[in-house]
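Working notes, beginning with the structure itself.
Each value in this text was obtained by applying a stated rule to the coordinates, not by laboratory testing. For clarity, every value in this text was computed on a predicted model and none was experimentally measured. As a convention, Cβ positions derive from the backbone with ideal geometry for all residues, glycine included, and neighbour counts pool all protein chains shown.
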Amino acid sequence: MEIFIVGAGQVGYTLAKHLSEEGHSITVIDADSDSATRVANTLDVITEEGNGAAYDVQIEAGIDKADLLIAVTNSDEVNMLCCLVARRLGAKSTIARVRDPQYRRQVEYLRDDLGLSMAINPEQAAADEISRIIRFPAAIKVEPFANGRAELVELRLSDDNMLNGIALRDIPSVVSAKVLVCAVQRGERTFIPSGDFVLQGGDKLSLVASPKNTQVFSQSTGCTKASVRTIMIVGGGRIALYLAQNLLAMGMRVLIIERDKERCEMLSYTLPKAAIVCGDGNLPDLLQEEGLEQTDAFVALTDSDRSNCLIAMYAQSCGVKKVVTKVGSAHYITLLERVGVDSVIMPKKITSQHILQYVIASQNTQGSNVETLYHIADGTVEALEFRAKDKARCLHTPLKSIAIRSDILVAAIIRNDLCIIPGGDDEIQADDRVIVVTSKHKLRDLDDILI
């Protein structure tokens, strides 16, 4: 595909990197010469310096031949104008990052006029991910497949867990849940394990199962934590607003601590069922006064990575059952994991993931049958959802009789509303959704799993 990216910040850079590695022709446009130079010097893409919303710049860049334009500058208005101009010039599809909640209705109302194929709100996407984690507090991360009929869940195995020292093939004898452990991170190494693989305390497991079996597995193995009923959020920005709306709708009690008085007044008006405290959430005394040690979950959402890390670590030390923190830089993730804060949210990374999924889905019209893709295990492993076409070579044959490439697992088969964790005798049928986990990237067809 001919893809143009306007904006060479963290999101634009990440998209350019992944999409160029997938074999797409990428052009990056940015008005800042330093950002454009960084992209040109580190990625195998074309760069253009200039205002990506300007007609002349788009004409010179060749937007009229674009299969897709992605506008991810820091300005919502510029992003929407980029898409409008690009569509008028002939771009087939456009995506805009739109962050301001005030634009939500306008974007939906003007979607056709703006030529938008997709509008992504990073803060809303981050809030939705945090909501999924809080719904299942034992998880580090929860990703849905097949409209929620299957889940990919990351869990940390404690040293005293009953699965410590157990081989994967023996899990069914000790746990009644039907799950498949599809990836294991141990230190700096990532494994796509066979049945002989023996689990150890400290391992980070990625497993696939139906939501019901995920819960059974968690409860049976002692990974489960008590359900969350009360949440303390420090930082009253857009993510906090969207998150509180989600959690209140789930029947939870929400307390938000925000230092800006005007923001507190807006939150009180918008969220009448939430408790809003005007104060500095970086102060341990205030957190204790507001009941930190009695809260079920704590979410750090200030504008400072350093503050988020410090207050998240403090909450962890106070015994809060579930701690989630937002950071903008991946450098903090290792530090947080070492002190037990596994659930770390990066809104820009989530935005990139959503846009990449759209690009992958749009390729279905160009020969690919990938429905969904997630990068797991720090990006070293891909989990893909395929739609089995009726001419696929792997149909109607027991999996044990299929020559499947190394480092590939068929993790689940979704048939109608049933999530099947396959054994050797199971077969793939036409129209099944098949979840495949692999360390080999660039799988774009279900038959690519075959030798």
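Each Cα pair of the chain feeds into the Kirkwood radius, which the Stokes-Einstein equation turns, at 10 °C and 1.306 mPa s, into a diffusion coefficient of 68 µm²/s. Think of each Lys and Arg Cβ as +1 and each Asp and Glu Cβ as -1; about the Cα centre, that makes the dipole of the chain roughly 1000 debye. For Val323, the residues whose amide H sits under 5 Å from its own are Phe298, ignoring neighbours fewer than 5 places away on the same chain, with H placed 1.01 Å from N. A simple rule links phi to the HN-Hα coupling: the Karplus curve 6.51 cos²θ - 1.76 cosθ + 1.60 with θ = phi - 60°, which for segment 96-107 gives 10, 7, 10, 9, 6, x, 5, 8, 4, 5, 5, 4 Hz, with x for Gly and Pro. Amide H to amide H distances under 5 Å link Ala183 with Ser206, where only residues 5 or more positions off or on other chains count and H is placed in the peptide plane. About its Cα centre, segment 2-120 has a charge dipole of approximately 420 debye under the convention of +1 per Lys or Arg Cβ and -1 per Asp or Glu Cβ, with nothing else charged. Each stretch of four or more DSSP H residues adds -39500 (n - 2.57); spread over every residue of the chain, this sum gives -9500 deg cm²/dmol at 222 nm.
Among all the lysines, which ones have a C-alpha under 25 Å from Lys391's C-alpha, if same-chain residues fewer than 8 places away are not counted? Cross-link targets: Lys400, Lys440, Lys442. Relative contact order, whole percent, for segment 230-320 stands at 33, derived from Cα pairs under 8 Å and 6 or more residues apart. Proximity of backbone amide H atoms, modeled 1.01 Å from N, is registered between Glu48 and Val28, Ile29, Asp30 at under 5 Å, excluding neighbours fewer than 5 places apart on the same chain.
In segment 283-411, the alpha-carbon atoms span a convex hull of 160 Å³ per residue. So for the pair Thr270, Asn41, with labels modelled 7 Å out along Cα→Cβ, what separation do we get in nm? In this crude spin-label approximation the distance works out to 3.9 nm. Backbone phi angles across segment 216-223, fed through the Karplus curve with coefficients 6.51, -1.76 and 1.60 (θ = phi - 60°), yield HN-Hα couplings of 4, 4, 4, 5, 5, 9, x, 7 Hz in residue order; Gly and Pro are listed as x.
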